[in-house]
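Taken together, the values in this text are just the output of simple stated rules run on the coordinates, not laboratory data. What you see is a predicted model, and the numbers here were worked out from it, not measured in a lab.
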Amino acid sequence: MNDSLTAVRLSPFALRFVAIASATLVILSLLLWMEGDFDRRFLLAHNLFRDNPAIVAFAGALSRFGMSAVCLLVLACIAASVRFPAFREARPVLLVVLFSFCAATLAANLLKGPLGRARPIADLAGQLNVADRHGSASFPSGHAAQSLALALPFVLIVAGGSAGVRLAKLAMLLVAGLVCYSRIVKGAHYLGDVLAGAGLALACVPVGMAAANAIYARGKVTPEKLNTVVKRFAAVLLALTLLLPFL
């Protein structure tokens, strides 16, 4: 790829980490599903939290608005890149975020049907004190895959040299992690489902990066032209931010 064109890259260490961590999480999630007992006991142990209306309401808010919060954090970093050089690397990563999210959403939805794991509310009827019902299968967790797919490109690709960037990474991981945990607190997913979603999100980062680089190369996006591209896709991410709570 021409060095004068915009491109995003993961270091060899980061690529190895993504491959190993993704495979480990998926294998662990399948083992938890097959063993079953730990997954059920871990979920039922959270019945204590479900008896607290405040915790239930907080978990519901995280499930509904958490992904939008991650999107806003990404947009804030893009805005900060105008003034603070430490955030400049976030600009080309915006497209990776969008492609990673789309890949994770598509993959999670395609896998649910064939794998067909029943939701906890159906599997643990009479033991799980939740009322919510879901039309889709349980494995993998779409919320886990999508929330982490929004956060991980920035976390893995943007260099964390400054305190501001490190704080932004921590905030994204924290919110995405809380979204994942909220699915367990709400009784919507088993731990194994959430781990599978996390593994899927990791695997989608290189996919999103390859797709973004292909767009940058095909459109001959130079660093100067990147400003226009970023503005367009920032508008797309903003629209996604507004739509996610209703999807």
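Across the range 12-246, Cα-Cα pairs farther apart than 23 Å form 49% of the total. Mind running the shape call on the range 50-151? Use the C-alpha gyration tensor, a ≥ b ≥ c as the square roots of the eigenvalues: rounded below 1.5 for a/c, prolate if a/b tops b/c, oblate otherwise. Here the range 50-151 falls in the oblate category.
For the chain, what does the helix formula give at 222 nm: sum of -39500 (n - 2.57) over DSSP H segments with n ≥ 4, over the residue count, nearest 500 deg cm²/dmol? Mind dumping the intermediate values first?
Numbers: 10 runs with 182 residues, N = 247.
It lands at -25000 deg cm²/dmol.
For the range 1-38 and the range 155-230, compute the distance between their C-alpha centroids and round to whole Å. So the separation of the two Cα centres works out to 12 Å.
As an exercise, take the mean of 1/r over every pair of distinct alpha carbons in the range 142-246, invert it, and state the Kirkwood radius in angstroms. Provide the component values of the computation, followed by the final result.
Working: mean 1/r = 0.0650 Å⁻¹.
Taking every pair of different Cα atoms in the range 142-246, averaging 1/r and inverting gives 15.4 Å.
3J(HN,Hα) along the range 150-156, derived from phi through the Karplus expression 6.51 cos²θ - 1.76 cosθ + 1.60 where θ = phi - 60°, amounts to 6, 8, 5, x, 5, 5, 8 Hz, with x in place of Gly and Pro.
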